[in-house]
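Engineer: Okay, here's the structure, questions in a sec.
The values are calculated or read from the model by the stated rules, or taken from the named source; none is laboratory data. Predicted model, so just to flag it, every value in this text is computed and none were measured. Cβ placement follows ideal geometry from the backbone for every residue including glycine, while neighbour counts extend to all protein chains displayed. Side chains are part of the model used for accessible areas, which takes the heavy atoms of the whole protein and leaves out ligands, DNA and RNA. Shrake-Rupley method; radii C 1.70, N 1.55, O 1.52, S 1.80 Å.
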Amino acid sequence: MRGKSRHKIEHQILLSLALLSIGFGLWGNFRQLWLQDTNFLVEQISDVLSVASFFSAIVLFICSVKLKLNNIQNFIAGSILLKIIVMSFLYLLKLLDYTSIKLAIDILIILDVVLEKIIISSIYPFILTIEVSDRLYSKRKLVEYLFRDIGILLGGVLIGKQLFKITVNYNICLFLSIIFLYISFWIFATIRLKVGKVESKISFKYLFQDQITNFYFLYEFIGSIAFSIGLGLKMLMLTNGLSFSAGEATTYLLVIGLFADILGVIILKYLTPKNDYITIALKFGFRFLFYLIAFLSNNMIMVLVAITWSILISTSYENIIEAPYINRINKTYQLFFTDIRYMIGMIGDAIGLFFAGLIYQYGLPSMLGLSSFFMIFQIGCAYLLIYFRKKESFNRGVV
């Protein structure tokens, strides 16, 4: 593929991803509150999101076995279209006040979350048909994070306001999200990319006989549990636990999220330490300390500080803690690897959300305390991964 054509397709994919992320941010930020407004209890919300993550893992496993790279564009486009349909049903159920049919809402929310996760997990393997690059991986993540925050901004600005003589509520945000997804679908469907000779292979032996990959999967699993316990219910934590209004919580997440995006760009260009062990300390060490202090002090201000730092550093150092372990995988196994990676992470999310629902009644410090316990093992895996990677590079004669 020629350079000019490659860049054009890359820009189309990133534009589609940007619009998707706006829609995901606009709806995802209020999904928990939409459910609470539909008379779901916190425990019920935690349960349905946990089940959704578990089913996402199952669907991704099936995709990892059945899906080929030459079909991935159609698969992503079909998933976006199906998500639009599912979200439309949720919107209509709320609009027509059929919210007493909780089983239908449960099923639709599960489908909604599953589709969102498999769309996001499939974007990077699709990009890999164009180019394999640590910087492109970080660029894709930053686009996703930045425009998700723009979606949150849009929701925060509009919620409670009058729009064409209609008060913007959580359901209107859902409707606006549908519009952004439809535009994204239209752009994505117009991409003309021939995968060509890129082959997609499936081999559990290839993945699991590799020590670095095994530890990376373990790191992903434990990290997902820790993150979902600490921040999986963040909107409910902010509104119920810290007494933020929906607008205040949205503004807070927006401001911190935008700072996180800016910090991620600055760190990627100028502030990545040459020593990867220091990078892990900056990424996870301070988060662990803040979580632990919040738990031991039982102080809500410290809880807010811990949550703030965790979100602020969330987009940084992806080129060190993620990209090297992803891009070392042979391109022909990338789709399979990505699906397995996300599947493992989603099982971790499901477990973390389940624990979050159980611990929620004991207070936010207890949630952060349990999260910090799992982070001990996550940090250990991260350091071991760096050690194994450097050892591998040394053995190959790479300086």
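Engineer: Just to confirm, what accessible area per residue do you get for the chain at 1.4 Å probe, in whole Å²?
Structural biologist: Details: 17520 Å² over 399 residues.
Value for the chain: 44 Å² per residue.
Engineer: Summarise the accessible area of the chain (1.4 Å probe, protein heavy atoms) by the percent that is carbon and sulfur.
Structural biologist: Roughly 67 percent of what the probe reaches on the chain is carbon or sulfur.
Engineer: Mind ranking 360-373, 164-177 by how tightly packed they are, going by the mean number of other C-beta atoms within 10 angstrom, highest first?
Structural biologist: My ranking of the peptides, most packed first, is 360-373, 164-177.
Engineer: Cα-Cα pairs above 30 Å in the chain: how many percent?
Structural biologist: Pairs farther apart than 30 Å: 39 percent.
Engineer: In addition: Where Lys and Arg each count +1 and Asp and Glu each count -1, what net charge lies around Ile351 among other residues with Cβ under 13 Å from its Cβ?
Structural biologist: -3
Engineer: Using a Gaussian network model of the chain with C-alpha springs under 10 Å, which one of Arg192, Arg341, Arg287 is most mobile by mean-square fluctuation?
Structural biologist: With Cα springs under 10 Å in the chain, the top fluctuation among Arg192, Arg341, Arg287 is at Arg192.
Engineer: Past 18 Å, Cα to Cα: identify those pairs from Lys8/Lys139; Lys117/Lys205; Lys141/Lys283; Lys66/Lys141, in the order given.
Structural biologist: Lys117/Lys205; Lys66/Lys141
Engineer: Span-like helices, the chain: DSSP H, alpha-carbon axial extent 27 Å or more, mean Kyte-Doolittle 0.0 or greater, which ones?
Structural biologist: Answer set is 3-37, 42-66, 72-95, 102-128, 134-158, 170-189, 211-231, 246-266, 334-359, 364-395.
Engineer: Under a point-charge model restricted to the Cβ atoms of Lys and Arg (+1) and Asp and Glu (-1), what is the dipole moment magnitude of the chain relative to its Cα centre, in debye to the nearest 20?
Structural biologist: Once rounded to the nearest 20, the dipole reads 1540 debye.
Engineer: Let me have the 222 nm mean residue ellipticity of the chain computed from DSSP H runs of 4+ only, each contributing -39500 (n - 2.57), with the sum over all residues rounded to the nearest 500. Can you show the working numbers first?
Structural biologist: Working: 16 runs with 300 residues, N = 399.
It lands at -25500 deg cm²/dmol.
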